[in-house]
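The values are calculated or read from the model by the stated rules, or taken from the named source; none is laboratory data. Note that the coordinates shown come from a computational prediction; the quantities given were computed from them, not determined experimentally. No Cβ is skipped: glycine too gets one built from the backbone with ideal geometry, and neighbour counts run over all protein chains shown. Calculation scope for accessible area: heavy atoms of the full protein, side chains included, ligands and nucleic acids excluded. Shrake-Rupley method; radii C 1.70, N 1.55, O 1.52, S 1.80 Å.
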Amino acid sequence: MIDLIRVPDPTCIDDLLDEPLGLLYLGASLDERGHDVRITNLAGHDVDSWKPEIKEADLYGIQLYTPTAHIGIDIAKFIKEKFDKPVICGGAHPTALPELEDLSVFDKVVLSEGERSIVGIAEAHKKGRNLPRVVKSEFIEDLDSVPFPARGMVDMMSFHRKLEGERSFGIIGSRGCNYKCAFCDRSLFGSRARFRSIGNIVDEIKEVVSEYDVRNFEFFDDMFGATKKRIREFAEKTRGLNIKYRCNGRSDVLDKEVYESLHDSGCRMICFGIDSGSQRILDLMKKGTRVEQNFEAIKTAQSSGLNVMGYFIAGFPGETRETIRQSIDFIEKSNIDQAQFYTFIPLPGNEVYKNPEKFGVTKMSKDYKDYFHVTGKDGRGGRVIETKHLTSDELHGEVVEIRKFLKSHTWRGDVQDYYKKDLGYNVE
Ligand code: SF4
């Protein structure tokens, strides 16, 4: 039996919001090759309550993200002590920092995309063959050859994401990204976008509809709205399926015709990485977009019937109190329906982490427990870096002010339950 473990995230407001799609993909690939697999979903647990959930298996796999990697490492130590079985880690954190001393508890470290590597490790384990400790496979070019996520391995009804009040499942239409934003780490899926065919995505949607009677989807990939051609084809092939979905889009590549196609095919909300209301900060981020373009895209998408969500980052090196005000002004003037702010984190693997001096970072913590984007349940976020413009305390103070603004503003459209319940947002 192979046990794939999802690490809990106690800093997150709702870590049961979404299913662990990455593990469901790994589970499907292992299952396809005849391995017995289960997924132990520890989301929702706090620091100690996960221990009784870990049962004996022959081989364990743990997915590590930077802010919760320390919990994954504790889980691996617990498994070693209790069952003395091999434990593999994979995910963004080990991909960026494979040599990290803390990872020495793991028998194997999988870098980048995990399907091929974990199948290789499982087969070697079964046959008693040895493999190098660090395993990396080529990226999968034909994404249509990857089996659909094994949703049957978890209780899909235990996750909280909704769209217009009804259950919504995650889906991924592409991997990797062609852009080069300096705050983003693309090492997990690569810096070149690879796409599933629209037909393959539609087949997965049909499978979900028939097995779960769920017709709402959250497209997690950054490149869903990358080309007009794909969106037109998606709109054509999903006509009649009566689905609703949210997706990401780039403000600089879409136009009115495409927003209308999105709306006709069931898109209810498009999410743009607006990131900043300051052109100077957008340029430092190497975002490749312009403030005016962002204003225009919001207006055009809204006039096509879509709600628009904007993601913003506070504290990218070079940020000042003034540029944070510009982001807040942008939200007010653009009349965007919803906005989320993330505190900038020099995630291992992104350009700032690799070259902090080049970006004017004067101090950078390597305590990865503090590397979370949101302010967290205890309000701690935003204390990882300092620049000559903002100390970490000053940035944290700004984040507190941003939170006050987000609470006092009135938002529109469909929101997840925790917005109103836990964050106290006003929603029209
Ligand atoms: S932030 Fe989005 S668009 Fe920018 S590099 Fe990362 S994945 Fe690509």
Cysteines not pairable in the chain (beta carbon separation under 4.7 Å absent): Cys12, Cys89, Cys177, Cys247, Cys267, Cys271
At 1.4 Å probe size, put Glu81, Glu401, Glu319, Glu56 in order of accessible surface, largest to smallest. Glu81, Glu56, Glu401, Glu319
I need the phi-derived Karplus couplings for the stretch 241-246: 6.51 cos²θ - 1.76 cosθ + 1.60, θ = phi - 60°, integer Hz, Gly and Pro marked x. 7, 6, 9, 10, 7, 10
Would you mind checking Lys108/Lys358; Lys108/Lys366; Lys354/Lys404; Lys136/Lys162 for any pair whose Cα atoms are more than 26 angstrom apart? Lys108/Lys358; Lys354/Lys404; Lys136/Lys162
Would you mind calculating the gained length between Glu141 and Arg290 on full extension (0.36 nm times residue separation, minus the Cα-Cα distance), in nm to one decimal? 50.4 nm
Per 0.36 nm of contour for each residue apart, how much would the distance between Ser303 and His70 grow if the chain were fully extended, relative to their Cα-Cα spacing? 79.3 nm
Around Ser251, with a cut-off of 12 angstrom between Cβ atoms, what is the net charge of the other residues, counting Lys and Arg +1 and Asp and Glu -1? -1
With springs only between Cα atoms under 10 Å apart, run a GNM on the chain and tell me which of Gly225, Gly128, Gly170 wobbles the most. Gly128
Give me the extension gain from Lys256 to Val105: residue separation times 0.36 nm, minus the current Cα-Cα distance, reported in nm with one decimal. 49.1 nm
Projected label distance in nm at Ser187 and Arg412, using a 7 Å step from Cα toward the beta-carbon: 4.3 nm
Carbon and sulfur %, accessible surface of the chain computed with the full protein complex present, 1.4 Å: 48 percent
Could you check the simple spin-label distance between Asp155 and Arg239, using points 7 Å along Cα→Cβ, in nm with one decimal? 4.2 nm
Spelling out what I want: for every residue of the stretch 55-62, take phi, set θ = phi - 60°, compute 6.51 cos²θ - 1.76 cosθ + 1.60 (Karplus), and round to whole Hz; glycine and proline get x. 10, 5, 8, 8, 8, 10, x, 10
